[in-house]
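Below is one structure, written out as structure tokens; the observations come after it.
Nothing in this text is a laboratory measurement; each read-out follows from the coordinates by a stated rule. Bear in mind that the values here come from a model prediction, so they are computed numbers and not experimental data. FYI the Cβ positions are ideal-geometry reconstructions off the backbone, even for glycines, and counts take in every protein chain you see.
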């Protein structure tokens, strides 16, 4: 969840979206979905750890973007359900440039 949240934060707040973040977001969503399918008892786990995962992802996003921590919200700008939803992309609608390789 931390990797997924980190890349969703970068996607939403860092100027210039790149294909590698899109690929990582999709990969993490697929991986988490696969774990839940293999172990249905874990279905609620992402929501249970979401706040803690956000706290862990935030400093990583700050470090990887070089942006000030104050630029990122202290509370998650999306829910765990949105984070795992393959149709959800934070920061507004996607443009054709978002699909082109960097």
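Odds and ends about this structure:
- Placing R0 at 22 angstrom, the Cβ-Cβ distance between residue 13 and residue 81 gives a FRET efficiency of 0.65 after rounding to 0.05.
- In degrees, nearest ten, helix 45-65 long axis to first principal axis of the chain (Cα): 20 degrees
- The tail of the calculated P(r) for the stretch 2-85, taken as Cα-Cα distances beyond 23 Å, holds 19 percent of the pairs.
- Gaussian network model of the chain, Cα within-10 Å springs - most flexible of 22, 48, 14: 48
- Most fluctuating residue given options 31, 11, 89, as computed from a GNM of the chain linking Cα atoms under 10 Å: 31
- Between 0 and 90°, nearest 10: helix 19-38 axis offset from the chain longest Cα axis: 10 degrees
- For the stretch 2-85, the relative contact order works out to 43 percent when only alpha carbon pairs closer than 8 Å and six or more residues apart are counted.
- Here the extension length gained between residue 67 and residue 51 equals 3.6 nm, from 0.36 nm per residue of separation less the Cα-Cα distance.
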